[in-house]
Amino acid sequence: MPTQTAIPSSPTRITLSELDRQARIELLNRRLADAADLYSQSKQAHWNVRGPELFQLPELFDRWRRRCFPFIDLIAEWKSRGKRGQSMFSGLNSQNPSSGPRAGVEAPPARARTIVGQWRRCALVLLLPVCGIGDIQTTTQTMSADVSPNGKLSLPASIDLQSPDTRFGSLAGNLTLSYWARTSDSGGGSVTVQATSEFSPAGGPSVSAVSFTCSGATLGAGCSGSQFLATTTQTSLVSLPGGACTGGGGVCSAQEPNTVLLTFAVLSRPGYKTGTYSAQMTVTISTM
């Protein structure tokens, strides 16, 4: 191998010693020679293929040649000159001859193996995957969205039952229940109420004596007639059909949220002690 005399590098702000810089410049110039030699040999192989690989190998070699060319410029300008070294390549008669074997006049399979070996070396040195054979693949992905039946409720924190006058009669109060619902075509749903505790303290009305009516349901059918609270069972407020949904119009309710007006009442008997009594009730929406 010919002996090369190192050319002093130009002044630079890179904080590498002169020895380190010269070593890197020499390595990069050798890789430049490898890349240029590979470019030339790929074209020579493209021109000289014979035999059964006449149609496949020329296309392969030409594709390699096209992919290698940008890196000749990359190594020479960005790498070598970036370290203020001088690019030593001047064609196939480079002062930095290629470190790879020459394709020469080998038979097509042997020439292919020679060039493939040089491509592997090029990929390892540059660490750039595009130096190899490129490819583009397109695939599709299915995106699924599972929409399930669902329901939501909103109501005031409490309801006060009061008498409209001082005479014995009914203690009554109104409650507007807001709800959102979506049911499947083959399903349905309901909004129910259940008393979970008795009035306390003792001496006042009983929850089983509390009646209620449902009016103006904007989605589904409100309860019919007068109903009574119970502590052991859930009593229906609204029945929801299959395929029902809140908002959006069309097959759905145009109103959002949906509402129903509940009116509660209990008789104010003379035997009740004066005072304030409270009880708990639970409202539930279920959808299928």
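The values are calculated or read from the model by the stated rules, or taken from the named source; none is laboratory data. Fair warning: this is a prediction, and the values are worked out from it, not measured in the lab. Reconstructed Cβ throughout: ideal geometry from the backbone, glycine too, with neighbour counts over all protein chains shown.
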- Query: From the set of residues in the range 179-216 that are hydrophobic (A, V, I, L, M, F, W, C) and in a strand (DSSP E or B), which is surrounded by the fewest Cβ atoms within 10 Å (Cβ to Cβ)?
  - Reply: W180
- Message: Condition first: part of a loop (DSSP other than H, G, I, E, B), at pLDDT below 90 and in contact with a Phe, Trp or Tyr (Cβ under 8 Å, 6 or more places away or on another chain). Can you find one or more residues in the range 133-151 that meet it?
- Response: yes
- Look through the range 232-285, keep the residues that are in contact with a helix residue (DSSP H, G or I) (Cβ under 9 Å, 6 or more places away or on another chain) and surrounded by 15 or more Cβ atoms within 10 Å (Cβ to Cβ), and return whichever of them is farthest from S215 (Cα to Cα). A279
- Note on the structure: Scanning the range 158-183 residue by residue, the ones that are polar (S, T, N, Q) and more than 20 Å from L237 (Cα to Cα) total 4
- Message: Looking at the range 141-160, I want the residues that are closer than 17 Å to G173 by Cα and have a partner that is of a type in the set (A, V, I, L, M) and part of a strand (DSSP E or B) with Cβ atoms under 7 Å, at least 6 apart or on another chain. Which pairs are those?
- Response: L155/L175; L155/L177; L155/V283; P156/L175; I159/L175
- Task: Among what's in the range 24-63 and is among the acidic types (D, E) and part of a helix (DSSP H, G or I), pick the residue that is surrounded by the fewest Cβ atoms within 10 Å (Cβ to Cβ).
- Result: E59
